[in-house]
1. Taking Cα centroids, how far is the range 229-273 from the range 1-70 in Å?
2. Can you give the helix-only mean residue ellipticity at 222 nm for the chain, where every DSSP H stretch with n ≥ 4 adds -39500 (n - 2.57) and the sum goes over all residues, rounded to the nearest 500 deg cm²/dmol?
3. I want to check the label-to-label distance for K31 and A159. Put each point 7 Å from Cα in the C-beta direction and report it in nm to one decimal.
4. Below 8 Å between Cα atoms, with a sequence gap of 6+, how large is the relative contact order for the chain in percent?
5. Heavy atoms of the protein only, probe of 1.4 Å, neighbouring chains included. What is the accessible area of E62 in Å², nearest 10?
6. So how exposed is D79, as accessible area in Å² (1.4 Å probe, rounded to 10)?
7. Compute the angle between helix 60-69 and the longest alpha-carbon principal axis of the chain, please, reported from 0 to 90 degrees and rounded to the nearest 10.
8. Want the number for Q90 to A69: 0.36 nm per residue separation, take away the alpha-carbon distance, what's left?
Amino acid sequence: MIVFRILFYIENSIQDGQIIAGTGQRRVISKRVHFVEIKKNGDAVSAGFAPYLDYRAPNNDERNRVLSALQQESWLKDDVEDIAISFAIQNIIPNHLNEVRDRKKVLLDKMESAVKERLTSEIQYWDFRANELREKESLGKRNAKLNADQAARRAEELAARLEKRLSEIAQERKITAMPPVVVGGALIVPKGWFGQNENMETNADTQSRHTIEKIAMQTVSNIERELGYEPKDVSAEKCGYDIESLVPENLRKDGNCLRFIEVKGRRADADTVTVSKNEILTALNKPNEFILAIVMVDGDATRTVYLKKPFTSSPDFGAVSVTYKIDDILQQGIIVLKR
């Protein structure tokens, strides 16, 4: 049975402890719009980075049919907005918060180390100069341009500056999430609800495609585990990639704690691969974390290629998906794994 869904646009901001002058408000350091879908049974799922790109507005006839059918959808009168917000708080926002914290920690650790090294060195220099000048002054040798008191004050100013800068860095480490806000929503009506069944695949074709996709997903999951990562199948959530792979702390670079892998399973004789607009935009938005995994399946044998930065530009506004020649996309992207 084909049923309606609701898509909510939820804005989430991350702030640190720095206070913006004149406002008394804490500084926002990251802001994102997350998408949550609610099903008729009340289940909520993450809808990815830009799910609306796979949708279109209804025509007048479709709109009238939907408005008439909505009278029977009593579940829409429930607190579906609260369900979306609760889901975001529990399942989406913590990932955003942890990602920002990890990235900022790396940056602030480097900054704090550099500040301490530079200012401490200057403080020690001016302390030494103050003592040196004081000894000379006690012997009656005064410096016309700089005396001991001036050098000592310079050391004190630098010490105060160091304390102030370290305090500012400490405030920047106080990273918290602000309450999420629903900024929009849409009713999603599956195309099949209107009885449009053109271009439907045969049962045999569907079975074959599903088998290849299953083999490809299992292959990539096994590779991720061999590399030391912790893969999680999120393909059902339609978030712009199929596998979310957790990076252990000892393997993290530049604070990246997740790998987003889009898996494309293809027959061994296939020469093209089709990528949705949502997947392309996810790759462009997450260039350092996104991986396109192309798995060529020949019975029980597979050949897998991992591509970083496989896309160079966004698809056309009206495009739903883009089909690439496999040879072309292999040359376009950066091959980081081949087996």
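1. 23
2. -13000 deg cm²/dmol
3. Each label point is offset 7 Å from its Cα along the Cβ direction, giving 4.2 nm.
4. Contact order relative to length: 18 percent.
5. Counting only protein heavy atoms, E62 exposes about 10 Å² to solvent.
6. Looks like 100 Å² after rounding.
7. Helix 60-69 sits roughly 90 degrees off the main axis of the chain.
8. Answer, rounded to one decimal: 4.3 nm.
The values are calculated or read from the model by the stated rules, or taken from the named source; none is laboratory data. What you are looking at is a predicted structure, and each value in this text was computed from that prediction instead of being measured. Neighbour counts run over all protein chains shown; Cβ positions are idealised from the backbone, glycine included. Surface accessibility is based on the protein's heavy atoms, side chains included, excluding ligands, DNA and RNA. Shrake-Rupley method; radii C 1.70, N 1.55, O 1.52, S 1.80 Å.
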